[in-house]
Amino acid sequence: MVVSVNPSYRSPLLDTSGAVQALEPDEGVAAHYGDPLREQRRLAAGTGLVDLSHRDVIRVSGPDRLTWLHQLLTQHMERLQPGEATSALLLDANGRVEHALYGVDDAEAIWFHTEPGQAESLVRYLDSMRFWSQVEVADVTDDFAMVWEPVTTAAAHLSRVTARGRDVFVPRSQLRSYVGDESGLAGIWAYEALRIEAGEARLGRETDERTIPHEVAWIDSAVHLDKGCYRGQETVARVHTLGRPPRRMVMLHLDGSVDHLPEHGDEVKAGERTVGFVGSAARHHELGPIALAVIKRNVPVDAPLDAGGVAASQEVVVDPEIGLHVRPQLR
């Protein structure tokens, strides 16, 4: 999946001393501020702030917003409470992932942030599905910016709080003042390393045009398996019932003696056979070089792998037999 990013965006926090701009798909924000491993350790200890202001933000308002979204997205939305964090996917008719949304409702509207460059196509699709529903969909990326903090309490601004931290929706005009002391800033490299460690997929990195939710561990976090119809539900239900999705996401522990990381899209091989692709890679402050990759389901879980020329061992994120536990036992 190709994510279209606004190449002209440049965060004001890139003017911070030591800031080094990130590359695709995170152009416009800092990769690091001079010491990426120190920044990562600070986040792991529960302090610091990451500039995610290049991400897109959409707002869905109106009295019908939750029941309407309930019919379109993979998540159960009807009973979402104000302040409750949610994650959801928008699938195509074949159950393949088109969008990943991370949201919170404020009792008047639900706010989502998405990958850079995704708001335009997402808003266009949602607008086409409004019909007679009392909802309004708006791309508010120009007005609101995202930051992430490793804090599990609400912020002064609207925030989406999860077990790993909080996504804060900050008016762009207040971004600098919200950050305050710039010494606490951490770059996207540090954020990505902790995401990879947590085994969390990212749209456009661990996904491609064929990805279904089961393959990248989104069934537990972004899909509700006991709700009504939505586009792509048949595939979700079938694979959940029968098990064995075509591919599975793994975390790779990479050879630390190699002086480079594999690139996104590099081939993953088991022996001479290509079995998948590299999603994201990073240098972790404790684990060393790690990556997320998507490989064929039938690759043995103990098989040594090669990721873009770097030797790797795999750690299971998605069970190869996912879904089989719900299959009836035949006698």
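Springs join every pair of Cα atoms under 10 Å in this Gaussian network model of the chain, and among Tyr33, Tyr178, Tyr191 the largest mean-square fluctuation is at Tyr178.
For a quick check of your reading of the filter: which trypsin sites (Lys or Arg not before Pro) in the range 76-144 sit in a DSSP loop and have no more than 13 other Cβ atoms within 10 Å?
Working: sites: Arg79, Arg96, Arg124, Arg130; in loops: Arg79, Arg96, Arg130.
Loop-located and lightly packed - Arg79.
For Gln21, the residues 5 or more places off, or on other chains, whose built amide H falls under 5 Å of its own are Ala31. Label separation (Arg210 vs Glu24): 2.2 nm, computed from points 7 Å beyond Cα along the C-beta direction.
Near the amide H of His264, within less than 5 Å, lie no amide hydrogens of residues on another chain or at least 5 residues away, with H placed in the peptide plane. Amide H contacts for Trp218 (H built 1.01 Å from N in the peptide plane; partners 5 or more residues away or on another chain; cut-off under 5 Å): none found. Where in the range 123-216 are there GluC sites (Glu not before Pro) that are in a DSSP coil and have at most 11 other Cβ atoms within 10 angstrom of their Cβ? When the GluC sites (Glu not before Pro) of the range 123-216 are filtered for loop state and at most 11 Cβ neighbours within 10 Å, Glu209 remain.
Note on surface exposure: Trp132, Trp189 rank Trp132, Trp189 by accessible area, highest first, 1.4 Å probe. Sequence-ordered 3J(HN,Hα) estimates for the range 212-217 from the Karplus curve with 6.51, -1.76 and 1.60 and θ = phi - 60° stand at 10, x, 4, 5, 10, 6 Hz, glycine and proline given as x.
Among Val236, Val310, Val29, which one shows the biggest mean-square fluctuation in a GNM of the chain, springs joining Cα atoms closer than 10 Å? Judging by the Gaussian network model, the answer is Val310.
The values are calculated or read from the model by the stated rules, or taken from the named source; none is laboratory data. Here the structure is a predicted model, which means the values were calculated and not measured. Glycine also receives a Cβ, built like all others from the backbone with ideal geometry; neighbour counts cover every protein chain displayed. Accessible surface areas use protein heavy atoms only, side chains included; no ligands, DNA or RNA. Shrake-Rupley method; radii C 1.70, N 1.55, O 1.52, S 1.80 Å.
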